[in-house]
1. Compare the peptides 17-29, 37-49 by average per-residue count of other Cβ atoms within 10 angstrom and give them in order, highest first.
2. Fewest to most neighbouring Cβ within 10 Å: what's the order for L77, L51?
3. Multiply the residue gap between N13 and A81 by 0.36 nm, knock off their C-alpha separation, and tell me the result in nm, one decimal place.
4. List residues of region 8-31, by number, whose backbone nitrogen lies under 15 Å from a label position 7 Å along Cα→C-beta of K41.
Amino acid sequence: MRKGYLYILECSNGTYFTGSTIDLQKAMQAHFSGKGGNHTKKYPPKALMYLETFWEINYAFRREKQIQNWSHTKKRLLIEANGEQLLSLANTHSLVHYTEPVLAEK
């Protein structure tokens, strides 16, 4: 398996785009040049806000799917590395709970 990356971009409309890739440089180039996903084509990214590195891409992909279901507030708390508030928010919403990334390098 190849190393994987989970990333969060802040877009021009204030939303967050969450993605995963095996080639971070190529993914960033695609998003920032308007050749990425539909969301970043419509709302160009302003900045890379968050990054997690995994030993295998399948872990990054699973983490992407987890975070994609989170609210904007919960993603912002993750970006701000406010783990205590994030855990509190996760405990009040039963759909998705925060867990430490498996095999992640921060």
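None of the figures in this text is laboratory data; all of them are computed from the coordinates on show. Small disclaimer: the values here were computed from a predicted structure and weren't measured. Here the Cβ positions follow ideal geometry from the backbone for every residue, glycine too, while neighbour counts run over all protein chains shown.
1. 17-29, 37-49
2. Fewest-to-most Cβ neighbours within 10 Å comes out as L51, L77.
3. That pair, N13 and A81, stretches by 22.3 nm at full extension.
4. 30-31
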